Amino acid sequence: MLSVLLLCIAALTAFQLGRAGEDPVPEAVSTSQQHFAEDGAIALRASLDASITDLSRTAAMFNAGDPVSADTVLDKLSSIYQKWRGTAVIEIKSGRLEAQRGENLPLTAVDRTKLGDEDGLSPRMVRLEHGGTRLLTFAVLSWPDRPQQLLIASSSLKFPGVSLGDDRAIAVVDSSGQVLSSDGLPSPGRGASAKAKADAARTGKDLAAFAETAAGKARQHPLKSKAPGSGGFPGVSGSLLGDAHETERPVAGYAALTGPVPGEGTESTGLGLTVVSLVDVPENGSAALDSFFWISAAGALLLIGALAVALLIGTVQRPLLQLFLESRRLSRGDLTRPVTQPKYGEASRVGAVLERLRRQLLSEPAQDQGLPETRRGRRGRIGMRALVAVCGVLLLVWSAPLVLLLNRAGDSVAVPKSIVHDQRERTDTLADRVRRALNEGHADLTLVASLLDGRTTPAAMTESLEQTRRQHPHYTSIYVLGADGTIVAESGSEPRHPRGKGPSAEPVVLLGEGGNEPVIVEYAKASGLKGAAVVGELRIGYLNALLKRPGLGQIRVVDEKHRVIGANSGYLAFEKLPGKIDALVTKANQKASGKNSKDSKDSKDGGEDADNSRPSARVIRSGGVTIAAAAAFDGGGAAGPLRWTVVSWQPAKGLAIPAYDAQNRTVLAGLLGLTAATACLGWLHIIVVRPLRELAQRAEALADGDRRTVMYPRHHDEVGAVTRSLEVIRQQLHEQRKRDVGGSAGRSGSSTPVGRT
């Protein structure tokens, strides 16, 4: 079995493990593109769902109040939300246009007779005359004694806040594989070179081909689209590899729109949309290691394994077979020739005992049966345990260097630039997603505040707050705060706003310093109530849930003092960042503030700029290779003034980079060798060596005169066969002694004179 295992490990080392780094594109690069597409799908799904929910909730709030004109509805809608390209209100029965804002909507595509069906108000995509695609969202405005009206909003299928970086394209694809919208495609002007135009045409062609393939793969079940046990994105996602072009190869990632909870869809997931991202990456021209290393390692294993197996055969197997044959011969009564004895170890001791027992069966004198003590000690000095240990050391000589020394990927390992760029762009996208989530929450509160005035009773306020909190469970509490700090109405848990203090002038404020949990509080001024505001306290778990992104490692949201507010894993509230990461956050904030100062300290202690023009992503080569990126909040809205930063970092050794693949495969080969040696030699020690040592002791006791102890085998193998033969010899010696005692007694009785007392 040891021979077979070592042959298999040698073949695996030479022909399979030696292929590390031979892929045209590292697996880590392909996986990174898949994660990029997943981020785009999450952002698009969240944006579409928010648009649908906001329109429906706005209509419900207007329906709960007094009737207002269509112009008032659209003005209020456009003042609070700036997410739709166009809005309109039509009378359902007559089809008359009541009011319109923004771009003209394709109203002829709306079948008013089917609005009462089960899915009559579901969002739908409409193709415009110029080729663009719009998503139409519907809600009904209904008041007593007035004709029902249809509120329509159109939005484009553009990615909100997705940072593409350089030379990357991203597209939205429908279920048939047709590209509905795209960003990042090169568009060379009239003066562009022929090569630039050819590259642009090739990129568009590659994107169309990838879109068709991705749409087909998106139709499969999510559980069948990935390897068993793989987590992360709950929907269908993957990566695609295109044909090489010169020294580059296009790599695409795709992800279908899916709900935040596995198995539960949303309004947008029923549209059958898929996100496809495309980027050209340099090909991996050569393997990380030369194949000569792996062939040499396999040859060395064959040589060392052959030596170990030969040692086991010569010192363990053959002596055991020899003892088996000799013991069986003696047990059958063949005592004519001496026992052929092994030279070393317990087998030598058992062989010497067999020779003594042969002579005892021949009734030789006791002084002629034993061996000299010096010879017996010399033969038993080197036991089988030592021989098995020598074999283990031989195999350890091959395995230990592979596990501990060879092919170590040090701090100088080359990290593909595309991975560093993706870390930066994905972190930037995540920062924008967090900022937009805070803005959307503030807009929801603003809508509630706009409907409150002096005529609204506290009971009506409480009902409105309760309805808002049910629709937005990420708020722990929502309340109306008066100018003097009194709480007029509330819903949810106890407010944590400072008692007796009026609303803050800032729309978003961070509280809870010194406590166990940060508190993010949003203030929306109620113009109808003098100095009052609608206040919402966000669950910190909601912020942490936004940071769940596979392939980004550790993610933290820090405030202007670089204290941790939220994270995707365990953390302490308001704790500080590690030194290297903290310096990166400082650079990201300087970039967001328009400062281009350069910190010379970082360049001296292991840092490495991923891109001199964008220093928010770095490869830190101190205490291991770490890929880190930081992105400050950059944009408008309620969260715009916040000087918060999203930072992410992960060790490069966890990525499928050729150098680390080679290291991991080298360690795997060594571990396989150790496992084979431990399993086989351990089994040999338990099954053969230990029973043979016990057998030697019991056999020597038998030769020294112990005829009472029964010898029984532990296992049905060669050692057990020798034990059975010794038991037969013991019985023969016992019968021989009885005969000798009986014969002696008979001779003594016949020589006594009759009548003597």
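Quick notes on this structure:
- Residue within region 515-523 that is charged (D, E, K, R), in contact with a strand residue (DSSP E or B) (Cβ under 9 Å, 6 or more places away or on another chain), open to solvent by less than 60 Å² (accessible area, probe 1.4 Å) and part of a helix (DSSP H, G or I) present: no
- Residue in region 86-105 that is more than 26 Å from LEU157 (Cβ to Cβ), surrounded by 19 or more Cβ atoms within 10 Å (Cβ to Cβ) and within 47 Å of the chain's Cα centre (by Cα) present: no
- Look at (1) among the polar types (S, T, N, Q); (2) over 30 Å from PRO186 (Cα atoms); (3) open to solvent by 60 Å² or more (accessible area, probe 1.4 Å); (4) part of a loop (DSSP other than H, G, I, E, B) and you find that SER79 fails only one, number (4).
- When region 31-63 is filtered for residues that are touching an Asp or Glu at 6+ places or on another chain (Cβ under 9 Å) and open to solvent by 40 Å² or more (accessible area, probe 1.4 Å), only THR53 remains.
- Tally, over region 653-679, of residues that are of a type in the set (Gly, Ala, Ser) and assigned to a loop (DSSP other than H, G, I, E, B): 1
- Inter-residue pairs, beta-carbon under 6 Å, first more than 23 Å from PHE633 (Cα to Cα) and in region 153-167, second of a type in the set (Ser, Thr, Tyr), 6+ apart: ALA153/THR87; ALA153/THR137; SER155/SER51; LEU157/THR133; LEU157/SER181
- Residue tally, condition crowded, with 21+ Cβ neighbours inside 10 Å and of a type in the set (Val, Ile, Thr), over region 650-687: 2
- For GLY259, the criteria (1) surrounded by fewer than 18 Cβ atoms within 10 Å (Cβ to Cβ); (2) at pLDDT 90 or above; (3) in contact with a helix residue (DSSP H, G or I) (Cβ under 7 Å, 6 or more places away or on another chain) hold in every case but one, which is (2).
- Any hit, region 197-204, residues being more than 27 Å from GLY270 (Cβ to Cβ), touching a strand residue (DSSP E or B) at 6+ places or on another chain (Cβ under 7 Å) and either open to solvent by 70 Å² or more (accessible area, probe 1.4 Å) or in contact (Cβ under 8 Å) with a residue 24 or more places away in the chain (or both): yes
- Residues in region 62-75 that are at pLDDT 85 or above and part of a helix (DSSP H, G or I): PHE62, ASN63, ALA70, ASP71, THR72, VAL73, LEU74, ASP75.
- Condition met for ILE152 (open to solvent by less than 20 Å² (accessible area, probe 1.4 Å), farther than 27 Å from ARG219 by Cα, in a strand (DSSP E or B) and in contact with a Phe, Trp or Tyr (Cβ under 9 Å, 6 or more places away or on another chain)): yes
- Strands (runs of 3 or more DSSP E) completely within region 393-511 that count 3 or more residues being open to solvent by 60 Å² or more (accessible area, probe 1.4 Å) and not acidic (Asp, Glu): none
The values are calculated or read from the model by the stated rules, or taken from the named source; none is laboratory data. The structure displayed is predicted, hence computed values, not measured ones. Don't worry about glycine lacking a Cβ; one is built from the backbone with ideal geometry, like all the others, and counts go over all protein chains shown. Accessible surface is based on the protein model in full, side chains and every heavy atom, while ligands, DNA and RNA are left aside. Shrake-Rupley method; radii C 1.70, N 1.55, O 1.52, S 1.80 Å.
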